[in-house]
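Read-outs throughout are calculated quantities, based only on the coordinates presented, and are distinct from any laboratory measurement. The shown structure was predicted, so the numbers you read here are calculated from the model rather than taken from an experiment. Virtual Cβ from ideal backbone geometry, glycine too; neighbours counted across all protein chains shown.
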Protein chains: 2
Amino acid sequence: MDPRVEEHAKIIVEWSTEIKPGDMVTIAASPASHDLAVAVSKEVARAGGIPMVLMSSEEIARAFFDGASEETLKIFPKHEKSLTESTDVFIFIRSPVNIKALANVEPNKMLTVGKVRKEINDIRLSKRWCLTVHPCATLAQQANMSLDEYQDFVYNATLIDWKEESRMMYLMKEHLERHNDIRFVGPETDLYASTKGRIWIASDGKHNLPSGEVFTAPVEDTVEGKIYFDIPFLFQGKVIEGVRLTFEKGEVVDYSAEKSQDVLKKILEIDEGSRRLGEMAIGTNRGIKQYTLNMLFDEKIGDTIHCALGNAYKDNNGTNTSAVHVDMIKTMIDGEIIAGDEVIYSKGKYFYEM
Amino acid sequence: MDPRVEEHAKIIVEWSTEIKPGDMVTIAASPASHDLAVAVSKEVARAGGIPMVLMSSEEIARAFFDGASEETLKIFPKHEKSLTESTDVFIFIRSPVNIKALANVEPNKMLTVGKVRKEINDIRLSKRWCLTVHPCATLAQQANMSLDEYQDFVYNATLIDWKEESRMMYLMKEHLERHNDIRFVGPETDLYASTKGRIWIASDGKHNLPSGEVFTAPVEDTVEGKIYFDIPFLFQGKVIEGVRLTFEKGEVVDYSAEKSQDVLKKILEIDEGSRRLGEMAIGTNRGIKQYTLNMLFDEKIGDTIHCALGNAYKDNNGTNTSAVHVDMIKTMIDGEIIAGDEVIYSKGKYFYEM
């Protein structure tokens, strides 16, 4: 087995989920991530946990939608709830066999099943959990790379010294929380927001692996200024590029996009919350050197910031609500991040590197 | 998808497990049987059941043995028990990724885990369940065939009119139970046993799919005569061929084998029960035209009988106990099966074909 798969498994078990003796562990893998499921099972056992593996695939999910009547869609999966309740740790390995398998399912059906399973998802999120990626042809293709290139890409982002990364991210959180505001400055960009009473969270590879961001929810009506997002991103299968936004009293008052401006317009019109920011964040993972249109990676790219239109996280003490949460990323290599009177980042250097 | 996979799924759901609305269904599949897992999930949903898929693979099982300490091996898998208890129907799809993956695990470790999981297995067997096979390269290789040939082999055995097969098997059971004994006669063969108080079971594709046998447990000390098994079989990875046995008062008093006689000797010396018959059976599946050293198929070949040295099934009212149950098969195309004064089979014809 590729020794990187084994190293990945070790990080999941030892760092992200901290498996201890007696833990009941449920791993969700696809046929494309059998290797990682094997490696994780071994590491879980080594740590004294008991692994059990579910086969999750978009094609299986699709088959259920195709077969089930409206009645059947509403039946509560009791066996899944029992398993969820008696599990201590969930490890979700994302490694799709076909990312388009659910594309033509009626949205209403998805909504029905989402509602039926909400209780189970809530139980799941109340446990220890980790979401990670296993490089497979499907994801490589989405990222415009060969499998070999994509493996290098994923492992460069994932197999890093998380303890040290975490130390730096928590230091950044501590510094950011000394102040009551945040400012992103750079080419075509000067965006300000109050962060008073808000919490900065260091995402250090515990729930998302890889990770590498320190994020908060700005005080909703204090966002002022303009920003230019130079990294493309996906919304409902469409690529949006070169977004420029202007804010007044927290609301977008002017906007443009170099590509798919109509989609951007649609996002801004979804609801009141989608015209305000739910998140402002600093990407710190220097193992990720390029965007791949996969937000799990893109928003963590080192030397970037990102902002999300829409829903805010309660863990940040955010209050903005929306049906969407759309992340948009900006390279900061020529810019500055300033909190209160402190320079947090300037032209390629975080404050602890200056 | 190969329409035969869909037909197979239909038989599993409609005939073998009779899924009904509200059934909680757990499917165990390997990466090599993703296709059948998809097809079964769709049919389960169509019948109103809720499917959930486990990933079962020998490599994952092996990883647990490799990682776990003696302590960890003894930990009870609570999450697996919860899932098992709340499941109504189990569908096990056998489609190994590597049949040798567990070959070098210490037998003691297997024993420990077997004991720990016995409670779960007992719960499982108390539910509705079905064990089937999905043709994959691993099994094709074991059967000495190309994948294409092996697919034909499996589907010829499986995609048959089970309702009609069942009717014939139950008719045979009824006729066999009118009498108190059974006799197999043929080249180098004349074996007699009392079946008084014993039950004949018609295996008609409910638990095993494919199936096709009517079997009982003979009265242990009444087996008399000699028999020649012309079809090779496996025991612990060794092929045994051309076995001749002579019985007196139920016990083997003389034996030989054309190949691996030493292994046969070992079997007979395992315990007292391994020198007596635990099963006598009639194979009825004419869709299976050749042996493949896979007992799930071989013992069901049409126009054959088989006998098993060792443990008897309680469902037959059998009382012989042993650590092993070793099936051995004989072609009957030149022979006769007689129960009391009734000819059940003679030279290519079952009684209902005469």
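Quick look at the values:
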{"quantity": "Relative contact order for the range B:197-354, counting Cα pairs under 8 Å that sit 6 or more residues apart, in percent", "calculated": "22 percent"}
{"quantity": "Distances in nm from B:D161 to the matching label points in the other copies, shortest first (labels 7 Å along Cα to Cβ)", "calculated": "7.4"}
{"quantity": "Chain A - percent relative contact order, Cα under 8 Å, separation 6 or more", "calculated": "13 percent"}
{"quantity": "Test item: B:67-79 mean partner chain Cβ contacts at 10 Å", "calculated": "6"}
{"quantity": "Other copies of B:L131: label-to-label distances in nm, shortest first, labels 7 Å along the beta-carbon direction", "calculated": "3.9"}
{"quantity": "Lysine pairs with alpha-carbon atoms under 17 Å apart, the range B:32-124, spacing 8 or more or separate chains", "calculated": "9"}
{"quantity": "Value at 222 nm in deg cm²/dmol, rounded to 500, when DSSP H runs of n ≥ 4 in chain B each add -39,500 (n - 2.57)", "calculated": "-9000 deg cm²/dmol"}
{"quantity": "Within 10 Å of each Cβ in B:87-99, the average number of Cβ atoms from other chains", "calculated": "1"}
{"quantity": "Part-to-part distance (alpha-carbon centres) for the range A:282-337 and the range B:297-353, which is given in Å", "calculated": "69 Å"}
{"quantity": "Descending semi-axes in whole angstrom, ellipsoid equivalent of the range B:295-338, from the Cα gyration tensor", "calculated": "22, 12, 9"}
{"quantity": "Descending semi-axes in whole angstrom, ellipsoid equivalent of the range B:265-330, from the Cα gyration tensor", "calculated": "23, 13, 8"}
{"quantity": "Peptide B:16-29, shielding by other chains (average Cβ, 10 Å cutoff)", "calculated": "2"}
{"quantity": "For the range B:1-99, with +1 on Lys and Arg beta carbons and -1 on Asp and Glu, the positive-most of B:M55, B:S69, B:A9 along the dipole", "calculated": "B:A9"}
{"quantity": "Among A:D190, A:D148, A:D23, residue whose mean-square fluctuation peaks in a GNM of chain A (springs only between Cα atoms under 10 Å)", "calculated": "A:D148"}
{"quantity": "The range B:3-159, relative contact order [Cα under 8 Å, separation at least 6], %", "calculated": "28 percent"}
{"quantity": "Gaussian network model of chain A, Cα within-10 Å springs - most flexible of A:V38, A:V105, A:V239", "calculated": "A:V105"}
{"quantity": "Span per principal axis, largest first, for the Cα atoms of chain A (Å)", "calculated": "51, 46, 40"}
{"quantity": "Other copies of A:I99: label-to-label distances in nm, shortest first, labels 7 Å along the beta-carbon direction", "calculated": "3.9"}
{"quantity": "Estimated Rh, the range A:123-248: Kirkwood, alpha-carbon pairs, angstrom", "calculated": "17.4 Å"}
{"quantity": "Neighbour cut-off at most 16 other Cβ (10 Å), DSSP loop, GluC sites (Glu not before Pro), the range B:245-349", "calculated": "B:E269"}
{"quantity": "DSSP bridge orientation in chain B - percent antiparallel, rounded to nearest 5", "calculated": "75 percent"}
{"quantity": "Cα-based reach from A:K266 at 16 Å (exclusive), listing lysines while leaving out same-chain residues under 8 positions away", "calculated": "A:K238"}
{"quantity": "Base-10 log of normalised Debye intensity for the range A:243-354 (one unit scatterer per alpha-carbon) at q = 0.09, 0.12, 0.17 Å⁻¹", "calculated": "-0.26, -0.47, -0.93"}
{"quantity": "FRET efficiency, B:R167 to B:N98 (Cβ-Cβ, R0 56 Å, nearest 0.05)", "calculated": "0.90"}
{"quantity": "Rg in Å to one decimal, and Dmax rounded to a whole Å, for the protein assembly as shown via C-alpha atoms", "calculated": "31.7, 105"}
{"quantity": "Alpha-carbon Debye profile of the range B:14-97, log10 I(q)/I(0) at 0.13, 0.24, 0.25 Å⁻¹", "calculated": "-0.49, -1.15, -1.20"}
{"quantity": "Per residue Cα convex hull volume in Å³ - calculated over the range B:163-353", "calculated": "104 Å³"}
{"quantity": "From the C-alpha gyration tensor of the range A:3-158, square roots of 5λ in Å", "calculated": "27, 23, 11"}
{"quantity": "Low-density loop positions, trypsin sites (Lys or Arg not before Pro), the range B:267-354 - DSSP coil, at most 14 other Cβ in 10 Å", "calculated": "B:K289, B:K347"}
{"quantity": "Angle between chain B longest axis and helix B:107-125 axis [Cα atoms, degrees, rounded to 10]", "calculated": "80 degrees"}
{"quantity": "Antiparallel DSSP beta bridges within the protein assembly as shown, as percent of all bridges there, nearest 5", "calculated": "75 percent"}
{"quantity": "Chain B: angle of helix B:147-158 to the longest principal axis, Cα-based, in degrees nearest 10", "calculated": "70 degrees"}
